[in-house]
1. Rounded, prolate or oblate: which one fits the stretch 41-94, using the alpha carbon gyration tensor with axes a ≥ b ≥ c (rounded when a/c is under 1.5, else prolate when a/b beats b/c, else oblate)?
2. Between residue 133 and residue 13, what FRET efficiency follows from the Cβ-Cβ distance if R0 is 45 Å, with the result rounded to 0.05?
3. Let me have the 222 nm mean residue ellipticity of the chain computed from DSSP H runs of 4+ only, each contributing -39500 (n - 2.57), with the sum over all residues rounded to the nearest 500.
4. Mind sorting 28, 63 by how few other Cβ atoms lie within 10 Å of their own Cβ, fewest first?
5. Measuring from centroid to centroid over Cα atoms, what is the spacing of the stretch 141-176 and the stretch 61-139 in Å?
6. Jot down the radius of gyration and Dmax of the stretch 27-70, Cα atoms only, both in angstrom.
7. Extension gain residue 78-residue 171, at 0.36 nm per residue separation less the Cα-Cα distance, in nm?
8. If R₀ is 35 angstrom, what is the calculated FRET efficiency for the pair residue 21 and residue 69, using the beta carbon separation as r and rounding to 0.05?
Ligand SMILES: [Zn+2]
């Protein structure tokens, strides 16, 4: 039985002590409250983002926050309740890079089972070259394919997605790339 995921000591509904057990009709360990009987399910998080492009260049952000401070990523972050994945990707772009982006097709769909995350990165079209580094970015910058800081990218998803972006672009057709990362080797791999 896998044991990753958030731990829980007390019920978030009533404050009583929770225990790990397999509820009736289930086949996995869950945190179950002894006080109110609530079963607390913990499921994977969805990370949404996009590759904003402008006249052949892509916009990347240098992270100002942990994990991976100082490394480069496309704008991306956790999907919030109440928004679509496209809306989330556009919001992250505005927050981190100060751009209004037109979200296009899904470019990469990356499952990372060990850390319980699913990453969805879209194509993003910019209508101007203006940007502004948000609070979570040290710096925001346009890169052409030859200038991408491949050794200073923040996460495996960033590298995979940019590789797909440039390969698809040179082929003249963007398609969806669905992948599973079984062994992430980044600071994001907190168990
Ligand atoms: Zn409870």
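1. Values: a/c = 2.80, a/b = 1.35, b/c = 2.07.
Oblate is the answer for the stretch 41-94, as a/c is 1.5 or above yet b/c matches or exceeds a/b.
2. Details: r = 40 Å, r/R0 = 0.88.
So the FRET efficiency works out to roughly 0.70.
3. Values: 2 runs with 29 residues, N = 191.
That comes out to -5000 deg cm²/dmol.
4. Working: 28 10, 63 20.
Ascending Cβ contact count within 10 Å gives the list 28, 63.
5. Measuring centre to centre over Cα atoms gives 14 Å.
6. 20.0, 59
7. On the way: separation 93, 0.36 × 93 = 33.48 nm, distance 3.08 nm.
Contour length minus the Cα-Cα distance gives 30.4 nm.
8. Working: r = 39 Å, r/R0 = 1.12.
Calculated transfer efficiency: 0.35.
Every number here is computed from the coordinates shown, using simple stated rules; none is lab data. Computed from a predicted model, the values in this text were never measured in an experiment. Neighbour counts are summed over all protein chains in view; Cβ atoms, including those assigned to glycine, are modelled from backbone coordinates with ideal geometry.
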